[in-house]
Amino acid sequence: MPFIVVALVAVMTADVLLLTQARTTVEPVAVRATPKQSLLAGKRPQEQRPQEQIRTLQPVAPLGRLHKPNLFVLTRRPFTNASLQKVAKLSGVRALELADAASITLDGKRVQTLAVNPSTFRAYTPKVTAASDALWQNVAAGDVAVSFVLGNDGGLTLHRRVPAGSAGNLRIGAYATTGFGAVDAVVSRDVGRTLGVPQNNALIVSAPKADSDTLRRRILKVLPKGTQVAMVNPVLPRPRQSVARNWPAGSFMTGEQLTVALRAAVSKLGRPYVWGAEGPDTFDCSGLVQWAFAQAGVRMPRVTHQQWVTGPQVPLAQAQPGDLLFWRNDPTNPQYISHVAIYWGDGKMLHAPRTGDVVKIVPVNRRNLAGVVRVSPVAAAGVR
């Protein structure tokens, strides 16, 4: 069956992968949402510093048909036409997008970054982000778009210029949460080259009608050893998508484990929030959760949207100490889980809030609360 690789932009990262593939001849459908662009990107000044002269020759193409990403693939070596065809021919694959991936230093922080073609990659991002012409024009002009969490909680304010290694100072041109795992920054492929980002090592796969776990295993079979595949917006069989009302005995943490995790977390009161920090002296919100639960022998995934699926949801009124509370605060991706806290009991929670703040116990904030999760160690260990 003929296929089209929508874009080949590879991205290499040590611990994050996203997979997408393109095998479609469907005509693009015009999408014209009108988000509040001030939340995403501001107009780029005409005057630029010398190190900011990176520009694309072509304007960013209008947004066409949106593709929901389901898998993110990361390889040790660049994708070839042959390897792309192997993925494209797998049952259920609708579209593919290549990218370049690497962990770069941005304002002194190690940030998982994708270098992309703004004209094609935008179709794989959430609708609000995809529809912002200003955002993608800024990326094409040489700016970096950072996730809302990195920008808001990590202290990278919009329009600020920050050091980025060999690329000099990059302007924070937009907030844009792409929804790809721990990827927190997006640049153009031209900027990626100045940063030394490996080319064509990442692939985003859209397969909206295929079982994501089955497709993940098939991709691993047809690609070289060392390939990593992470599920993004996974499509799973109906029984796995629904929350079981009656979990088997032993599914959850023991009283002893909960005590150890809570004692570990409270021992860090007053420690500063640092974006991307995993302890033992500084933490971000999900880093604190991962570290505290690890002291109790529970293997938690690293980022908030993965921790969201580590057990069944329970009503807030039934929350118990040690349950996790989650929020959706991201205007660029309204469905994205962007913050987590540990329920302390008596209507209070323990969390690492944001840059400039410290680990603390405060009353539960119900604004934008997404839900409460009771952690199952077995479920947590199986999150990919």
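Residue count for region 322-367, restricted to those that are under 26 Å from Val183 (Cβ atoms) and touching a strand residue (DSSP E or B) at 6+ places or on another chain (Cβ under 7 Å): 20.
With respect to the conditions (1) more than 22 Å from Arg263 (Cβ to Cβ); (2) touching a Cys at 6+ places or on another chain (Cβ under 8 Å), Trp327 falls short on a single one, namely (2). Scanning region 196-210 for residues being within 11 Å of Leu74 (Cβ to Cβ) and touching a His at 6+ places or on another chain (Cβ under 9 Å) gives a total of 1. When Val187 is tested against (1) assigned to a helix (DSSP H, G or I); (2) crowded, with 24+ Cβ neighbours inside 10 Å; (3) not hydroxyl-bearing (Ser, Thr, Tyr), exactly one condition is not met: (1).
Tell me yes or no: at least one residue of region 371-378 is in the same structural domain as Gln295 (by TED's automatic domain parsing) and in contact with a Cys (Cβ under 6 Å, 6 or more places away or on another chain). Looking for residues that are in the same structural domain as Gln295 (by TED's automatic domain parsing) and in contact with a Cys (Cβ under 6 Å, 6 or more places away or on another chain), one finds none in region 371-378, hence no. So in region 355-372, with the set limited to residues that are aliphatic (A, V, I, L, M) and assigned to a loop (DSSP other than H, G, I, E, B), which one is nearest to Pro334 (Cα to Cα)? Restricting to residues being aliphatic (A, V, I, L, M) and assigned to a loop (DSSP other than H, G, I, E, B), the top hit is Val364. Scanning region 209-223 for residues that are out of contact with any Pro (no Cβ under 9 Å at 6 or more places or on another chain) and either within 23 Å of Ala182 (Cβ to Cβ) or without any contact (Cβ under 8 Å) to a residue 12 or more places away in the chain (or both) gives Thr214, Leu215, Arg217, Ile219, Leu220, Lys221, Leu223.
Name the residue that is modelled with the lowest pLDDT, counting only residues in region 245-270 that are assigned to a loop (DSSP other than H, G, I, E, B) and surrounded by 12 or more Cβ atoms within 10 Å (Cβ to Cβ). Can you show your working first?
From region 245-270, those assigned to a loop (DSSP other than H, G, I, E, B) are 245-254, 267-270; that's our starting set.
Now narrow it down to the ones that are surrounded by 12 or more Cβ atoms within 10 Å (Cβ to Cβ): 247, 251-254, 267-268.
Details: Trp247: 71, Ser251: 86, Phe252: 91, Met253: 93, Thr254: 93, Ser267: 96, Lys268: 96.
Step by step, filter region 245-270, then rank; the result is Trp247.
Only one of these is surrounded by fewer than 18 Cβ atoms within 10 Å (Cβ to Cβ) and either in a loop (DSSP other than H, G, I, E, B) or modelled with pLDDT under 95 (or both): Pro301, Pro334. Name it. I'd like the intermediate steps shown before the answer.
On the way: Pro301 fails: surrounded by fewer than 18 Cβ atoms within 10 Å (Cβ to Cβ).
The unique qualifying residue is Pro334.
Residues that are small (Gly, Ala, Ser) number at least 2 in the following strands (runs of 3 or more DSSP E) confined to region 80-175: 95-106, 169-175. Could we say that Ala164 is among the aliphatic types (A, V, I, L, M) and farther than 21 Å from Asp133 by Cα here? It is true that Ala164 is among the aliphatic types (A, V, I, L, M) and farther than 21 Å from Asp133 by Cα.
The values are calculated or read from the model by the stated rules, or taken from the named source; none is laboratory data. The structure displayed is predicted, hence computed values, not measured ones. FYI the Cβ positions are ideal-geometry reconstructions off the backbone, even for glycines, and counts take in every protein chain you see.
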